[in-house]
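Q: This is the structure I have questions about; it appears just below.
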Amino acid sequence: MAETHANEGEAKKSPKKLIIIIVAVLVLLGGGGGAAYFFMKGDSKAAAAGKEGETADAEAGEHVEATYFEMEKPPLIVNFGKDSSVKVVQISISVMLEGLGTAEAMKKHEPMVRNNLLMAISAQGAENLKTHEGKDQLREAMKHEIEEIFHKMSIPGHLKEIYFTAFVMQ
């Protein structure tokens, strides 16, 4: 009989433990879901203050969102001469643009942009591109070429920065 009472006591305790465990799991899942929602929705106050990809337009005093234009397919490929230690350079870039319609204008004039960038790469020379300073000079030359196209084609907005997304030398 003593064993019967002990088994009944264990049977009564196990549903309480089960309920406590279920409640704890639900609280953890709810907390995790709330945290995920908080982090996924973004910080709207920071976005309104001009952070997270937005920059101030000096003329209008408004915030203009910076957009990225990927120029990676096909990559920019330049062949160098037989005398060079580097035979081929393959570069993919991403361009940070500011202004409404600037990315659409880049897409429209992409053949001209690609041509001018290829000429800028070949003008730098293979030996110069081996150094960090040479890559920085190339980036500045590329910015200058794109800004010239913007000016020539009367494209509103401007180029903020160029980022190398792939840079292969063989």
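The values are calculated or read from the model by the stated rules, or taken from the named source; none is laboratory data. Owing to the predicted nature of the structure, the values given are computational and were not obtained by experimental measurement. No Cβ is skipped: glycine too gets one built from the backbone with ideal geometry, and neighbour counts run over all protein chains shown. Areas reflect the complete protein model, heavy atoms only, side chains present, ligands, DNA and RNA absent. Shrake-Rupley method; radii C 1.70, N 1.55, O 1.52, S 1.80 Å.
Q: Check ILE77, ILE121 and return the single one that is assigned to a strand (DSSP E or B) and of a type outside the set (Phe, Trp, Tyr).
A: Result of the check over ILE77, ILE121: ILE77.
Q: Could you list all residues from the stretch 79-107 that are of a type in the set (S, T, N, Q) and under 19 Å from the mean Cα position of the chain (by Cα)?
A: SER92, SER94, THR102
Q: Next question. Restricting to the stretch 71-106, count the residues that are more than 21 Å from GLN124 (Cβ to Cβ) and open to solvent by 90 Å² or more (accessible area, probe 1.4 Å).
A: Of the residues in that region, 3 qualify.
Q: Report the residue count in the stretch 115-131 for those that are at pLDDT 95 or above and surrounded by fewer than 15 Cβ atoms within 10 Å (Cβ to Cβ).
A: Qualifying residue count, the stretch 115-131: 2.
Residues are listed down the side, and each one gets a yes or a no for (1) in a strand (DSSP E or B); (2) acidic (Asp, Glu):
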{"site": "SER92", "(1), (2)": "yes, no"}
{"site": "ARG114", "(1), (2)": "no, no"}
{"site": "ASN128", "(1), (2)": "no, no"}
{"site": "GLU133", "(1), (2)": "no, yes"}
{"site": "GLU140", "(1), (2)": "no, yes"}
{"site": "VAL168", "(1), (2)": "yes, no"}
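Q: So, one more: I need every pair where a residue in the stretch 67-92 that is under 29 Å from ALA103 (Cα atoms) has its Cβ under 7 Å from the Cβ of a residue that is assigned to a loop (DSSP other than H, G, I, E, B) and open to solvent by 20 Å² or more (accessible area, probe 1.4 Å), sequence separation at least 6 or different chains.
A: Taking only residues 6 or more apart or on different chains, the pairs are ASN79/LYS87; VAL88/GLN170.
Q: Next question. Six or more apart or on different chains, Cβ under 8 Å: which pairs go from a residue in the stretch 125-143 that's on the phi > 0 side of the Ramachandran plot to one that's in a loop (DSSP other than H, G, I, E, B) and open to solvent by 30 Å² or more (accessible area, probe 1.4 Å)? Could you list them?
A: So the pair list comes out as GLY125/PHE80.
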